[in-house]
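Structure first, commentary second.
The values are calculated or read from the model by the stated rules, or taken from the named source; none is laboratory data. Source: prediction; values computed, not measured. A quick note on method: Cβ atoms are made from the backbone with ideal geometry, for glycine too, and the neighbour counts reach across all protein chains shown. Surface accessibility is based on the protein's heavy atoms, side chains included, excluding ligands, DNA and RNA. Shrake-Rupley method; radii C 1.70, N 1.55, O 1.52, S 1.80 Å.
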Amino acid sequence: MVDGPLLPFDAGKPSPPRVHDYGLGGKDNFAVDREVAAQLEEILPIAGRLVRESREFVARAIDFVARQGVTQFIDVGCGMPAGPATHEVALKASPDARVAYVDNDAMVIAHAAALLAHPGEVVAVAGDARSPKDILASPELTALIDTGRPFCVILAFVLDFIDPAQAAEMMAAFRDAMPAGSYLILSIGSDQDPVVVQDLSVAFRDTLRLNRHSREQIAGYAAGLEVEEPGMISARYWRPSRPPRAEAGRRGADALAVVARKPLCAREDLR
């Protein structure tokens, strides 16, 4: 994997997976990541809550998809292991579940390989979200995931770091590769003030650029797919186990959630 699409490890530069890990209460982060997280909270006080709402949505969505009979999951840009982890939710819903964790961060892959090593159930794959064809053709992935059968692609707060035009091409490639009956689980930041987006990018110290995606662009990422109810909606409102708490005033940003299925063709099913 060291010769693959992994970014070099640098503890002196902030890493989105480690900043995200800190936002979820994890310990796999460094001082520079915690400094950035604090800056993000100053710029957008709701930032940490959005991270948690996205994680909770993804867990509910994985459970939903597994109960529809799709048991193969590809978690692209998975980040540091966080509970409830994708494989934990998937295996609880279906004992036949298989999960591929994909990331281009060396520390993420190292942790995933060490902590999530469930032979025959979980695999860690070095891959860049911007290269769907390479991910889906990876020998590590195809040893576990049968890409000729329906699978579910998960992209949680990944497209935020990708330009909308490139994101559209990337999502089209994933959709084209999905067999009928496959699913997409997507969470992405939305409704941010452009100035806030710029300030958040500055907080990442130019290591990464955050991008603003319109609702129209986000809807386009699921073009040709059947969006499950309740549609494209705030992550906290996607089939919650209990009603979200009421909030006064405008949030200033939100995490949008989408779960969509590639339509079945005639005479096709999930088998």
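Tell me, what is a quarter of the convex hull surface for the C-alpha atoms of the chain, in nm² with one decimal? Could you put the intermediate results ahead of the total?
Values: hull surface 54.6 nm².
For the chain, averaging the hull's shadow over all directions gives 13.6 nm².
From a point 7 Å beyond the Cα of E229 in the direction of its Cβ, which residues of segment 168-203 have a backbone N at a distance under 20 Å?
183-186
On full extension of the chain, what length is gained from A173 through K92, given 0.36 nm per residue of separation minus the C-alpha to C-alpha distance?
26.2 nm
What is the local net charge at G77, summed over the other residues whose Cβ is closer than 12 Å to its Cβ (Lys, Arg +1; Asp, Glu -1)? Spell out each step's value before the answer.
Numbers: positive: R130; negative: D75, D103, D105, D128, D160.
Residues close to G77 contribute a combined charge of -4.
How large, in percent, is the carbon and sulfur part of the accessible surface of the chain at a probe radius of 1.4 Å?
Details: 6520 of 12540 Å².
Accessible surface attributable to carbon and sulfur in the chain totals 52 percent.
What percent does the relative contact order of the chain come to when contacts are Cα pairs within less than 8 Å and at least six residues apart?
Values: 495 pairs, mean separation 53.9, N = 271.
20 percent.
How much net charge surrounds R239 when only the other residues with a Cβ under 10 Å from the Cβ of R239 are counted, with Lys and Arg +1 and Asp and Glu -1? Numbers along the way, then the final one.
Values: positive: R60; negative: D63, E228, E229.
Net of charged neighbours comes to -2.
To the nearest 500 deg cm²/dmol, what mean residue ellipticity at 222 nm is calculated for the chain from DSSP H runs of n ≥ 4 alone, each contributing -39,500 (n - 2.57), summed and divided by the residues? It would help to have the intermediate numbers written out before the result.
Numbers: 10 runs with 100 residues, N = 271.
Per the formula, -11000 deg cm²/dmol.
Which of rounded, prolate, oblate describes segment 91-151, given a ≥ b ≥ c as roots of the alpha-carbon gyration tensor eigenvalues and a/c under 1.5 marking rounded, otherwise prolate only if a/b is larger than b/c? Working shown, then result.
Details: a/c = 2.08, a/b = 1.12, b/c = 1.86.
The shape class here is oblate.
Stretched out fully, how many nm does the piece from R242 to D134 gain, at 0.36 nm a residue minus the Cα gap?
Values: separation 108, 0.36 × 108 = 38.88 nm, distance 3.94 nm.
My answer for the length gained is 34.9 nm.
Leaving out ligands and nucleic acids, and using a 1.4 Å probe, what accessible area per residue does segment 1-138 come to in Å²? Walk me through the intermediate numbers first.
Numbers: 6010 Å² over 138 residues.
Normalised by residue count, the accessible surface of segment 1-138 is 44 Å².
Using a cut-off of under 12 Å, list every residue of segment 209-246 whose amide N is near the label point 7 Å from the Cα of E56 along the Cα-to-beta-carbon line.
235-246
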